[in-house]
Each structure stands twice: as structure tokens, then as C-alpha cells.
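**Q** There's a structure below that I have some questions on.
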Amino acid sequence: PDDRRIRAMVRGAGDDLVVLEAGLGISGLYWGAVHEALAPSVRVVAYERAGFGGSDPDDYPRTLTRLASDLETVIGAFPHRRLVLVGHSWGGPIVRTVAASFFDRGLPVSGLVLVDPSDENSEMYFSGSARLAFAAQGALMVPLARLGLLSRITRGQTVGLAEPFRREVIAASASPSAARATAAEMRHVVDGLRALRESPRTLGTVPLRVISGQQASRIDAKARASIMQAHRDTVSQNFGARLIPASQSGHLIPV
């Protein structure tokens, strides 16, 4: 609506639509292998949020509401009969926000899949240290990109992702534009999760699956335990929801 362009990657055909929402700080191109796996059965769309790869940057605050609005624009570009929304990490709250909005307006959502989502049931997001960490990371993003260090970090995060996906993800996620976009989103993560916690959005009877990474290192064992418990809590709070433990994965399940 404000004349920005969003790059979407589309495969498959038919009127069953699956839309894949990325996590924080990474191009939607990292869904490449999942994209390929789903395309024979459904029309599948991944996209790059504002500032990443081929998507224009956004001058407005990148709040959870703003991110959800962009996702609704992507969904609206692809006519469909049935819709499944999939969100990884910070993409989880984004797709949940859209699904709840659709439910409130009587628009159909056939299913919701949260892939190791950021979850407001985890207390770790609301500590003073967490807010400081997001602020510090946000301040470092652009300098890291300009020094070429963000490319190295993204390369480490995408080990196991096949080429050409890995190379394209690094290029689209580690540019100064992508770094600014990541920093802009980081400023609103805690507030977005707090809003979900204080005003829970109902999903009604929308089928929900939560895929929860089970692997942890010594460094993130405490955080992983908190997130896993939060995922169990989310499932218990939603009628008909189901937890799917990803026993061989940590956080980066799509990779």
C-alpha cells in the first residue's frame, strides 16, 4: 500500500497455499529446501522482509503489527482456497498475529505451524539482560556488516544448507541494508512479545502444530530449556494443538 516492493519466492501450483515466514535477521531464502519439498503438493511462498535481499527497506518502525501487515500483503497477492501459515523463530509471533486477525475477521486459516517459535511464555525475554542484549546486538549489526563479519556469522548459522541457497542467504542477510532491517526489528521484539502476553490473541479452532528444537549446547542449555517449556505451555493453551519435538535439531530447524 505504501509502494514498497517485497520479493516473494514461489513454487508449486493449485489453490492450497503455504506461506513461510522467516526468523529474525535472515532472508526468507533459507526456506529453500523446505520450499522444494512442499512444491510438488501445494503452492508455497517464502519472502524477504523489508530491507533483506530484493525487498525494499521500510522507513516506519518495524513493530510486530507492521510485520504482520506486510505478511497480510504477501498472502493477499496469491489467491487461494486453503491457507497454512508457517513461522520460524520471530516469524512465529508474526504468523500468529495474522492468524488471529484473520480469525477475528472471519477469514479462513486452515492451519498454523510454529517452528521453534519465539514464545512469550518464556520469562527469559523479559529480563533486563535480554533487553540490553537486543539493544547491544542491534547497535552492532551495521558495523558487523560493513566489516564483513556478519557474512561469517551467517555462514556459520547456515552450515548444512545446500547451495545455491546458502550463498544466496548470506548475500541477502549480511548486507548493510539487511543489518539495518534486523536492528529495526530487534528494537520491538520484547515489546511485541509483551503485547502478546498481556493481550493473548485467540486462534479459535485453527489447527496448531509447534515444532520444538530439542538439541542444545552447553552455552544455550538454560535458554533452550526455557523455550521448550514455553512451547509446551503454548500447546496446552490452545485447543487441539500438538507439540512435535525435533529431536535432531536445535533452533535452526529449517536449515
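The values are calculated or read from the model by the stated rules, or taken from the named source; none is laboratory data. Owing to the predicted nature of the structure, the values given are computational and were not obtained by experimental measurement. Note that each Cβ is placed from the backbone with ideal geometry, even for glycine, and that neighbours are counted across all protein chains shown. Quick note on the areas: whole protein, heavy atoms, side chains included, nothing else; ligands and nucleic acids left out. Shrake-Rupley method; radii C 1.70, N 1.55, O 1.52, S 1.80 Å.
**Q** State whether one or more residues within the range 186-200 are within 17 Å of Gly23 (Cβ to Cβ) and open to solvent by 60 Å² or more (accessible area, probe 1.4 Å).
**A** Yes - at least one qualifying residue is present in the range 186-200.
**Q** Give me the pairs, please: first residue somewhere in the range 90-115 and within 23 Å of Met186 (Cα to Cα), second residue anywhere and part of a loop (DSSP other than H, G, I, E, B) and of a type in the set (A, V, I, L, M, F, W, C), beta-carbon distance under 7 Å, and either six or more positions apart or on two chains.
**A** Final answer for the pair search is Trp90/Leu24; Gly91/Ala22; Ala99/Val109; Ala99/Leu203; Ala99/Val206; Ala100/Leu203; Val115/Ile253.
**Q** I would also like to ask the following. Would a scan of the range 14-30 turn up a residue that is among the polar types (S, T, N, Q) and surrounded by fewer than 19 Cβ atoms within 10 Å (Cβ to Cβ)?
**A** no
**Q** A follow-up question, please. Out of all the residues in the range 159-170, which are open to solvent by less than 70 Å² (accessible area, probe 1.4 Å) and either outside any loop (DSSP other than H, G, I, E, B) or without any contact (Cβ under 8 Å) to a residue 24 or more places away in the chain (or both)?
**A** Of everything in the range 159-170, those that are open to solvent by less than 70 Å² (accessible area, probe 1.4 Å) and either outside any loop (DSSP other than H, G, I, E, B) or without any contact (Cβ under 8 Å) to a residue 24 or more places away in the chain (or both) turn out to be Pro164, Phe165, Arg166, Val169, Ile170.
**Q** Going residue by residue through the range 123-142, is there one that turns out to be open to solvent by 40 Å² or more (accessible area, probe 1.4 Å) and part of a loop (DSSP other than H, G, I, E, B)?
**A** Within the range 123-142, one or more residues are open to solvent by 40 Å² or more (accessible area, probe 1.4 Å) and part of a loop (DSSP other than H, G, I, E, B).
**Q** Applying the selection to the range 91-115, what residues are buried (at least 24 other Cβ atoms within 10 Å of the Cβ) and not basic (Lys, Arg)?
**A** Within the range 91-115, Gly91, Gly92, Pro93, Ile94, Val95, Val98, Ala99, Leu112, Leu114, Val115 meet the criteria.
**Q** Does the range 143-158 hold any residues that are assigned to a helix (DSSP H, G or I), more than 17 Å from Ala184 (Cα to Cα) and either modelled with pLDDT under 95 or open to solvent by less than 70 Å² (accessible area, probe 1.4 Å) (or both), and which are they?
**A** Scanning the range 143-158 gives Leu149, Ser151, Thr154, Gly156, Gln157.
**Q** Give, as residue ranges, the strands (runs of 3 or more DSSP E) completely inside the range 1-49 that count at least 1 residues that are under 19 Å from Ile253 (Cβ atoms), within 11 Å of the chain's Cα centre (by Cα) and at pLDDT 95 or above.
**A** So the answer is 16-21, 43-47.
**Q** Take Arg11 and tell me if it is open to solvent by 10 Å² or more (accessible area, probe 1.4 Å), of a type in the set (Lys, Arg), in contact (Cβ under 8 Å) with a residue 60 or more places away in the chain and out of contact with any Phe, Trp or Tyr (no Cβ under 8 Å at 6 or more places or on another chain).
**A** When the stated conditions are applied, Arg11 does not pass them.
**Q** Every residue in the range 201-226 that is out of contact with any helix residue (DSSP H, G or I) (no Cβ under 8 Å at 6 or more places or on another chain) and either within 30 Å of Phe102 (Cα to Cα) or of a type in the set (A, V, I, L, M) (or both), please.
**A** Thr205, Pro207, Arg209, Ile211, Ile219, Ala221, Ala225
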